[in-house]
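*Asks:* Structure incoming, see below.
The values are calculated or read from the model by the stated rules, or taken from the named source; none is laboratory data. The shown structure was predicted, so the numbers you read here are calculated from the model rather than taken from an experiment. Here the Cβ positions follow ideal geometry from the backbone for every residue, glycine too, while neighbour counts run over all protein chains shown.
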Amino acid sequence: MHRHGQCWRKAADGSRIGLQRYRCPACRRTASVLKAGMLPYRHLDAQALQQALDEPEARPPTEAAPSQPLRRAIQSFEGRALRLHLLVGTDLALSLDPVLMARRLWPALRQRFGDIATLLVELATKYATSLLHDYQSLRLRPCRV
């Protein structure tokens, strides 16, 4: 991989963060390296998502409705809960209700992997998937010759 410039991303607090881009000379694909605590394709801090999933009813009254990026991330996790349960192999009873399945799955994932940073790395390396979406960057592709 060779350095290939920089891209800018909006952080959860609204500031702009520069991310280093790299390019593979063999397949010509580019990739950005995220800073610690950043979620792929989200303007949301990983710790904020972890806190919201840890205590869904414990939000202060002033924040009764979560922000739009947080709400979308939670909905994405709820939509993937059954798939993640089957992929990771937890000992939970199956539920077809995505919200119920997500509320059961999150404590099991936290117990098994610890914090969200470790969970994201384990899902990417061992299972070639992510917590919120099946990102194409995690799929293996043959290199061009």
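*Asks:* Of the residues 81, 52, which single one is over 22 Å from residue 128 (Cα atoms) and in contact with a Pro (Cβ under 8 Å, 6 or more places away or on another chain)?
*Replies:* Working: 81 fails: over 22 Å from residue 128 (Cα atoms).
Of the residues listed, the single one that is over 22 Å from residue 128 (Cα atoms) and in contact with a Pro (Cβ under 8 Å, 6 or more places away or on another chain) is 52.
*Asks:* What are the pairs with Cβ atoms under 9 angstrom where one residue, in the stretch 77-95, is among the charged types (D, E, K, R) and the other, located anywhere, is crowded, with 16+ Cβ neighbours inside 10 Å and not in a helix (DSSP H, G or I)? Sequence gap at least six, or different chains.
*Replies:* Listed pairs, sorted by first residue: 80/129; 80/130; 80/131; 80/132; 80/133; 83/129.
*Asks:* Suppose we keep only residues that are in contact (Cβ under 8 Å) with a residue 60 or more places away in the chain and among the small types (Gly, Ala, Ser) within the stretch 18-40. Which one would you say is nearest to residue 116 (Cα to Cα)?
*Replies:* 37
Okay, residues lined up against (1) over 29 Å from residue 75 (Cβ atoms); (2) assigned by TED's automatic domain parsing to the domain that holds residue 99; (3) not hydroxyl-bearing (Ser, Thr, Tyr):
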position: 5; (1), (2), (3): yes, no, yes
position: 9; (1), (2), (3): no, no, yes
position: 13; (1), (2), (3): no, no, yes
position: 19; (1), (2), (3): no, no, yes
position: 24; (1), (2), (3): yes, no, yes
position: 31; (1), (2), (3): no, no, yes
position: 41; (1), (2), (3): no, yes, no
position: 48; (1), (2), (3): no, yes, yes
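*Asks:* For the stretch 1-40, which residues satisfy the criterion of being among the polar types (S, T, N, Q), more than 20 Å from the chain's Cα centre (by Cα) and outside any loop (DSSP other than H, G, I, E, B)?
*Replies:* 6
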